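Each reported figure results from applying straightforward, stated rules to the coordinates on display, with no laboratory input. It should be emphasised that the depicted structure is a prediction, and the values quoted were computed from it without experimental measurement. Cβ atoms come from the backbone with ideal geometry, glycine included; neighbour counts cover every protein chain shown.
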Amino acid sequence: MLYQFVYHVFAPLMVLPFFRLFNRLEVTGLDHVPATGAAVVIANHISSWDAALLYGLIRRKSYFMAKQELFDIPVLGFILARICAFPVKRDTVDRAALRKASQVLDEGNLLVIFPEGHRSKSGELLPFKPGAALFAHRSKAVVVPVLFDNTRNAFPKSIGQKVKIVFGQSLDLTAYYSVKADSALLHEMTETFKQGIARLAPENNGGIATAEEAG
């Protein structure tokens, strides 16, 4: 019941109109998300609104991987566990999360991951964790990059600033999927994922600064 409320009412009928009214929300490329089959949506993470916006925009059942700390918060953890989110312990090999993510994709569902692992306060792309690459390689899933632009400056911080969400074309991962995965391959895939998101940014001819470049 709670998932149905979030999916059918809260996200599409409350969050999205709110952003369109106060922050001139602009969404492009949503049709790149496949309607069926195993898929991984990877996105940068700059606001606590990001997940709710994806819930409202993606019109198929979506499973979200979220940091364990959120599930430890009373009430919030209860809610997350009932809206198709599941926890992952950061900075360690969380086998339970690995099994759950693999199950989601093996059953032909859609998995949403923020590969940075936490929000970027500066808006720059932080280093990506390799989990998304591992899940994608195991399942041979379609991978769709998503860029959030300016959600960190959305209401209540500002009114009138445009917020953009760009869904890119699925990444060509054929060369990776045809060989066995090892740490080097997963690292290369992870960099491909990061660049796939970076290319969606409008500034600098499609470039977006990363924490490494900015430093």
Sorted on mean Cβ neighbours within 10 Å (highest first), peptides 73-79, 133-139, 8-14 come out as 133-139, 8-14, 73-79
Can you give the % of DSSP beta bridges in the chain that are antiparallel, to the nearest 5?
15 percent
With 10 angstrom as the radius, rank E124, E188, E116 by how many other C-beta atoms surround their C-beta, starting from the fewest.
E188, E124, E116
What is the spin-label model distance, in nm, from K121 to K162 if the labels are put 7 Å beyond Cα along the C-beta direction?
2.9 nm
Please build a GNM for the chain, connecting alpha carbons under 10 Å apart, and tell me which residue among V15, V179, V40 fluctuates the most.
V179
How many nm separate the modelled label positions at L2 and D172, each set 7 Å beyond the Cα in the direction of the Cβ?
4.4 nm
In the structure shown, of K61/K162; K89/K121; K67/K180; K140/K162, the pairs separated by more than 24 angstrom at the C-alpha atoms are K61/K162; K67/K180; K140/K162
Please arrange T36, T151 by how many other C-beta atoms lie within 10 Å of their C-beta, fewest to most.
T36, T151
If you find the alpha carbon centre of region 31-99 and of region 101-177, how far apart are they in angstrom?
10 Å
Spelling out what I want: for every residue of region 29-36, take phi, set θ = phi - 60°, compute 6.51 cos²θ - 1.76 cosθ + 1.60 (Karplus), and round to whole Hz; glycine and proline get x.
x, 4, 5, 6, 6, x, 6, 9
Proxy exposure order for F86, F114 (fewest C-beta within 10 Å first) is F86, F114
Kirkwood Rh, angstrom, region 51-175 [1 / mean 1/r, Cα pairs]:
15.9 Å
Provide the per-residue ³J(HN,Hα) series for region 65-81, in order, calculated from phi with Karplus coefficients 6.51, -1.76, 1.60 and θ = phi - 60°, each as a whole number of Hz, with x at glycine and proline positions.
8, 10, 5, 3, 4, 5, 6, 7, 7, x, 6, 4, x, 4, 5, 4, 5
Give me the distance in nm between label points sitting 7 Å out from Cα along the Cα-to-Cβ direction at R20 and R82, one decimal.
2.9 nm
Can you run the Rg to Rh ratio on region 2-214? Use alpha carbon positions and the Kirkwood inverse-distance Rh.
0.94
Sequence neighbours fewer than 8 away in the same chain don't count; with that in mind, list the aspartates and glutamates whose C-alpha is under 14 Å from K164.
E26, D50, D149, E203
